[in-house]
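Working notes for the structure below.
The values are calculated or read from the model by the stated rules, or taken from the named source; none is laboratory data. Predicted model, so just to flag it, every value in this text is computed and none were measured. Heads up, the Cβs are rebuilt from the backbone with ideal geometry, glycines too, and the neighbour counts pull from every protein chain shown. When the accessible area is computed, the model is the full protein with side chains, heavy atoms only, and any ligands, DNA or RNA have been set aside. Shrake-Rupley method; radii C 1.70, N 1.55, O 1.52, S 1.80 Å.
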Amino acid sequence: MSNLEGAPVEANDVRGRVAELHAIREQVRLGPSERATQAQKAKGKLTARERIDLLLDEGSFTEVEPLRRHRASGFGLEAKRPYTDGVITGWGTVHGRTVFVYAHDFRIFGGALGEAHATKIHKIMDKAIAAGAPLVSLNDGAGARIQEGVSALAGYGGIFQRNTKASGVIPQISVMLGPCAGGAAYSPALTDFVFMVRETSQMFITGPDVVRAVTGEEITQNGLGGADVHAETSGVAHFAYDDEETCLEEVRYLLSLLPQNNRENPPRVQAEDPADRLGEALLDLVPADGNRPYDMRKVIEEIVDDGEYLEVHERWATNIICALSRLDGQVVGIVANQPQSLAGVLDIEASEKAARFIQMCDAFNIPIITLLDVPGFLPGVDQEHGGIIRHGAKLLYAYCNATVPRISVILRKAYGGAYIVMDSQSIGADLTFAWPTNEIAVMGAEGAANVIFRKQIAEADDPEAMRARMVKEYKAELMHPYYAAERGLVDDVIDPVETRSVLIRSLAMLATKHADLPSRKHGNPPQ
């Protein structure tokens, strides 16, 4: 006697039925066939269940709807009805905290999404929102299941709607472990973080064949939408790694820095790094000469707990740094200009990168630390025509709208509109500190002198000597380190070595900060 795909039933009693259940479960666990598994391995990819095992704490996974099968017919579908329908869904724990997950199984229909497949994803997304726990998607699918037609497209619509509903409510992380083409790529784009693996994962709206047919351009899948392209050029991917094991371990690390939902604070840990540790190295890391570059990452390492941080979008818009770290065990978001790249100026991509990061921190109750060394916005026709006004306004809006504790530290230059935009006191920073090397002004002294004293310089017997004198005079009058502090625009000028302890004490004071926003449906941020 047999039932359900040939699973044996030895007797029509409870023991027989339990035996049948275990046989079916084993079939589900093994997947469609050994041949399909070997084909997956040949591509350098893990199976969906192996990925889930790496992501979640050992033995913690509880699967939902493992016995689901599609009901579609036509084009041979009625003869092929595998369990799970090509997606594994459920929940488990990461570092002991609940996390929901769904993973495409490329061995079944190439991971393509059909009606039953989509319904499983909808259900687990709804459960994640209701439970208030993060959602991780392990993506390895061939897009919509063409044989099911518009039903598959409607399934994507349901995913997008839930991505939007969950936005700012629970952390959403997309891990790209295979192809993701067409409309399917919009779900990762709606989530908070996107991870990719080099060589095996790609994302694009139209593939190389379509590009070739329409534009005549020849390009490979990785060249069009590989991990490095999205990590360096498009900014679609926040993280890119060489292998799945490293990628999934970093997903676990990111989850350790995030709260379960927007009603909780991120998990705090007991810090071994002393809160009052002095950063003597800072005196040598940052040159007093504002024209000399340095690596802001080394400043961050000196300030945060044990020098550890997770940089987001590390290889895109490198003139600004966005990172998650801890100060005295408390998670903080760090936004910092990077003088090593484009002198740390703000441009279109840097503004977009920082704005999205600030919004994420604000949504999930992560205090924001801003480290300023910014000479202004990047000048140029491309920037103006590309909408630097519109894109720069995104950064301004994100800061102004954020209600989490906000602390700024001005290390050196803070010029013009970029100073205002980078969380100055005038747009709502709770506390603003400056190092004695700070230069806060409308513009650099040289440029200011050329404008203010243009006539005197032109009429002087020695224009260069006059310009040098006027530059020195402007610096002495309007750019000395205590000018802003004297006017209350900076709360204090601090010894750089005390930066860590000052930030930690400030965060402790701001721990109970409460800010009310105006009653409104939502704002209308610049696009």
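Amide H to amide H distances under 5 Å link ILE320 with GLN338, where only residues 5 or more positions off or on other chains count and H is placed in the peptide plane. Working note: Karplus 6.51/-1.76/1.60 with θ = phi - 60° gives region 406-413 the couplings 10, 10, 10, 10, 9, 7, 9, 6 Hz, where Gly and Pro are set to x. The value of relative contact order for region 310-396, using C-alpha pairs under 8 Å at least six residues apart, is 30 percent. Rounded to the nearest 10 degrees, the angle from helix 14-30 to the longest Cα principal axis of the chain is 50 degrees. Pairs LYS413/LYS472; LYS298/LYS472; LYS127/LYS353; LYS413/LYS475; LYS394/LYS521; LYS120/LYS165: which exceed 21 Å Cα-Cα? Exceeds cut-off: LYS298/LYS472; LYS127/LYS353. When only the Cβ of Lys, Arg, Asp and Glu is charged (+1, +1, -1, -1), the dipole of the chain relative to its Cα centre reaches about 1980 debye. In the neighborhood of VAL286, defined by Cβ-to-Cβ distances under 15 Å, what is the net charge if each Lys or Arg adds +1 and each Asp or Glu adds -1? Computed value for this residue: -4.
Judged by the ratio a/c of the largest to the smallest principal axis of the C-alpha gyration tensor, region 316-380 counts as prolate, that ratio being 1.5 or greater while a/b is larger than b/c. Distances between placed amide hydrogens fall under 5 Å for VAL87 paired with ASP105, all partners being 5 or more residues away or on another chain. Computed over region 106-260, the alpha-carbon pair-distance distribution with 5 angstrom bins reads 2, 9, 18, 21, 20, 17, 8, 3, 1, 0, each value a whole percent.
Peptides 370-381, 513-524, 264-275 ordered by packing proxy, namely the average of other Cβ atoms within 10 Å per residue, highest first: 370-381, 264-275, 513-524. Of the GluC sites (Glu not before Pro) found in region 300-370, those in coil by DSSP whose Cβ has at most 15 other Cβ atoms within 10 Å are GLU308. Against the empirical 2.2 N^0.38 Å (N residues), region 465-527 has a Cα radius of gyration ratio of 1.87. Each Lys and Arg adds +1 at its Cβ and each Asp and Glu adds -1 at its Cβ; summed about the Cα centre, region 392-522 shows a dipole of about 620 debye. Which entry in (1) 25.0; (2) 24.0; (3) 25.7 is this structure's computed Kirkwood radius over Cα pairs in Å? Of the listed options (1) 25.0; (2) 24.0; (3) 25.7, (3) comes from this structure. Over all projection directions, the Cα-based convex hull of region 404-527 averages an area of 10.8 nm². Couplings 3J(HN,Hα) of region 154-161, computed from phi: 5, x, 5, x, x, 5, 4, 4 Hz, in residue order, whole Hz [Karplus 6.51 cos²θ - 1.76 cosθ + 1.60, θ = phi - 60°; x for Gly and Pro].
Report the FRET efficiency, 1/(1 + (r/R0)^6), for LEU489 and ARG315, where r is their Cβ-Cβ distance and R0 is 41 Å, rounded to 0.05.
Efficiency, from the Cβ-Cβ distance: 0.75.
Entry note, the chain: relative contact order of 9 percent, from Cα contacts under 8 Å with a spacing of 6+ residues. Between beta-carbons, use under 12 Å as the cut-off and find the net charge around TYR156, counting Lys and Arg +1, Asp and Glu -1. With Lys, Arg at +1 and Asp, Glu at -1, the neighbours total 0.
Highest mean first, the peptides 126-132, 389-395, 107-113 sorted by other C-beta atoms within 10 Å per residue fall in the order 107-113, 389-395, 126-132. Amide H contacts for GLY114 (H built 1.01 Å from N in the peptide plane; partners 5 or more residues away or on another chain; cut-off under 5 Å): ARG145. With K and R counted +1 and D and E -1, the other residues having a Cβ less than 13 Å from that of VAL87 yield a net charge of +2.
Percent relative contact order of region 229-376, based on C-alpha pairs within less than 8 angstrom and at least six residues apart?
24
Per residue, region 348-460 exposes 36 Å² of solvent-accessible protein surface, assessed with a 1.4 angstrom probe and all protein chains in place. As a rough guide to protection, the peptides 22-34, 410-422 ranked by mean Cβ packing within 10 Å, highest first, stand as 410-422, 22-34. One Cα centroid belongs to region 81-115, the other to region 337-381; the line between them spans 36 Å. Counting only Cα atoms, region 273-353 measures 38, 29, 14 Å along its principal axes, largest extent leading. Could you tell me the center-to-center distance, by alpha carbons, between region 474-527 and region 407-450 in angstrom? Value for the Cα centre distance between the two parts: 11 Å. Each residue of region 461-466 is assigned a 3J(HN,Hα), and the resulting list reads 5, 10, x, 5, 5, 5 Hz, derived from the Karplus form 6.51 cos²θ - 1.76 cosθ + 1.60 (θ = phi - 60°), x at Gly and Pro.
At the residue level, VAL14 shows approximately 110 square angstrom of accessible surface with a 1.4 angstrom probe and all protein chains present.
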